[in-house]
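Scroll down for the structure; my scribbles are underneath it.
The values are calculated or read from the model by the stated rules, or taken from the named source; none is laboratory data. Owing to the predicted nature of the structure, the values given are computational and were not obtained by experimental measurement. For neighbour counting, all protein chains shown are included, and Cβ atoms are generated from backbone atoms with ideal geometry for every residue, glycine included.
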Amino acid sequence: MQQIIDDIAAQMASKTDKGKVASYIPQLAQVAPEQFAITVALPDGAIYSAGCAKTLFSIQSISKVFTLTLALGKLGERLWNRVGREPSGDPFNSIVQLEHENGKPRNPFINAGAITVADIILQGHQPKETLAEILQFMRFVANDDTISIDEKVARSELETGDRNASLAHFMASFGHFENPVDSVLGTYFHHCSIAMNTIQLATAGLFLANDGVNPTTGYRVVSPKRAKRINSLMLMCGHYDGSGEFAFRVGLPGKSGVGGGIMAVAPGKASIAVWAPGLDPIGNSKLGTQALELLARKTGWSVFGQ
Ligand code: GLU
């Protein structure tokens, strides 16, 4: 495994087109594009890394997998009254579908869906309390108490978050929100601004690769059925309107973030985190996707077969 990922890291280092770092969040635009990291965490506890696997980056939309897990823990199946579970085929921050579908987002991973999930998790609490709960959950699944929120990124998102604010107000206009829009948005921007490295992220995803139990700690995080369903949502919706392409090329459930990270799950086999800040035009990590494509090919881990 070490040889496989060293080889992948070397191949990625030689690529000249590394994509473009996200610029609509000014703080993310400052990240150096040539960085690359990959970590593969196995259910037996073995962890393999290559590249700058200890460098923290903004996990952005990857956080939506964990807020969805928390929201499912609170509402169970009733969550699906508020959010759909179909691929959107639209960009991550699109407002178009929302009007046709009366303010009910297509899935929990597009921005509108994740903002709704933030409303669900808030349950009348102050954003500060809810963020503490989200952080505690991240630390629990990653088995690492140092994980925290990058306040500079959160502020940067807040200051430039007109599109997300529009989505939130639009949904609120249908009477769907239970908390003040500002509290929901503040919670959303802050959980997107959690900073992690690929070792922490691969560890955090292990419960999804291991029928709901995090083998690092031995704790059950979710039931096997729930783990399976979160994985299926990641496969169908984890890369926005690039989800079909990612399934075609990589064949693993995965969730991307505009910080350039991707968390992918090979059920029963491994949890993988990659980070390369340059994005493709859809907003998914360009080299991260290529690295996962190579890894899936070399290991035969695609859920669709060899
Ligand atoms: N916080 C980002 C936004 O709302 C998340 C987008 C992403 O990572 O894809 O625009």
- Task: Spot the failing condition for E293; the list is (1) within 16 Å of the ligand (Cβ to nearest atom); (2) outside any loop (DSSP other than H, G, I, E, B), and only one is missed.
- Result: (1)
- Task: Determine if region 140-150 includes at least one residue that is within 16 Å of the ligand (Cβ to nearest atom) and farther than 30 Å from H100 by Cα.
- Result: yes
- Could you list all residues from region 228-241 that are farther than 11 Å from V65 by Cβ, at pLDDT 95 or above and either crowded, with 20+ Cβ neighbours inside 10 Å or within 13 Å of the ligand (Cβ to nearest atom) (or both)? L235, H239
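If I ask for residues that are within 11 Å of the ligand (Cβ to nearest atom), small (G, A, S) and either touching a strand residue (DSSP E or B) at 6+ places or on another chain (Cβ under 7 Å) or part of a helix (DSSP H, G or I) (or both), which ones from region 151-166 would you list?
Let us first name the residues in region 151-166 that are within 11 Å of the ligand (Cβ to nearest atom), namely 153-154, 156-158, 160-165.
From the residues that got through so far, the ones that are small (G, A, S) too are 154, 156, 161, 165.
Answer for region 151-166, where residues must be within 11 Å of the ligand (Cβ to nearest atom), small (G, A, S) and either touching a strand residue (DSSP E or B) at 6+ places or on another chain (Cβ under 7 Å) or part of a helix (DSSP H, G or I) (or both): A154, S156, A165.
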- Go through (1) over 22 Å from P224 (Cα atoms); (2) touching a Lys or Arg at 6+ places or on another chain (Cβ under 8 Å); (3) within 16 Å of the ligand (Cβ to nearest atom) and name the single condition I62 misses. (1)
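Within region 198-213, track down each residue that is buried (at least 24 other Cβ atoms within 10 Å of the Cβ) and either among the polar types (S, T, N, Q) or over 26 Å from D150 (Cα atoms) (or both). Quick ask: steps written out before the conclusion?
As a first pass, look at region 198-213 and keep what is buried (at least 24 other Cβ atoms within 10 Å of the Cβ): 198, 200-210.
Selection gives T198, Q200, T203, A209, N210.
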- Within the bounds of region 55-69, is there any residue that is surrounded by fewer than 18 Cβ atoms within 10 Å (Cβ to Cβ) and free of Cβ contacts under 8 Å to residues at least 60 places away in the same chain? no
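Hey, could you check region 178-192 for residues that are part of a helix (DSSP H, G or I) and without any contact (Cβ under 8 Å) to a residue 60 or more places away in the chain and say which is nearest to the ligand (Cβ to nearest atom)? Let's see the steps before the verdict.
At the first step, the residues of region 178-192 found to be part of a helix (DSSP H, G or I) are 181-192.
Pick out the ones that are also without any contact (Cβ under 8 Å) to a residue 60 or more places away in the chain and you get 181-182, 186, 189.
Values: V181: 15, D182: 15, G186: 12, F189: 7 Å.
Result: F189.
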- Task: Test G45 against the stated conditions and say whether it is without any contact (Cβ under 8 Å) to a residue 24 or more places away in the chain and at positive phi.
- Result: no
- Query: Do we find a residue being assigned to a helix (DSSP H, G or I), closer than 21 Å to N102 by Cβ and within 12 Å of the ligand (Cβ to nearest atom) anywhere in region 167-177?
  - Reply: yes
- Task: Kindly provide the set of residues from region 65-109 that are under 25 Å from E245 (Cα atoms), out of contact with any Leu (no Cβ under 9 Å at 6 or more places or on another chain), assigned to a loop (DSSP other than H, G, I, E, B) and polar (S, T, N, Q), ordered by number.
- Result: S88
- Can you name the residue in region 96-114 that is in contact (Cβ under 8 Å) with a residue 60 or more places away in the chain and more than 20 Å from the chain's Cα centre (by Cα) and is also farthest from the ligand (Cβ to nearest atom) among such residues? N102
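Among the residues of region 1-21 satisfying the criterion of being in contact with a strand residue (DSSP E or B) (Cβ under 9 Å, 6 or more places away or on another chain) and either among the charged types (D, E, K, R) or at pLDDT below 95 (or both), which is nearest to the ligand (Cβ to nearest atom)? Let's see the steps before the verdict.
Initially, region 1-21 is screened for residues in contact with a strand residue (DSSP E or B) (Cβ under 9 Å, 6 or more places away or on another chain), giving 1-2, 4-10, 12-13, 19-21.
Checking which are either among the charged types (D, E, K, R) or at pLDDT below 95 (or both) leaves us with 6-7, 20.
Numbers: D6: 28, D7: 28, K20: 14 Å.
My answer is K20.
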- Item | From the options S285, S256, residue that is within 12 Å of the ligand (Cβ to nearest atom), closer than 25 Å to Q3 by Cβ and buried (at least 24 other Cβ atoms within 10 Å of the Cβ) | S285
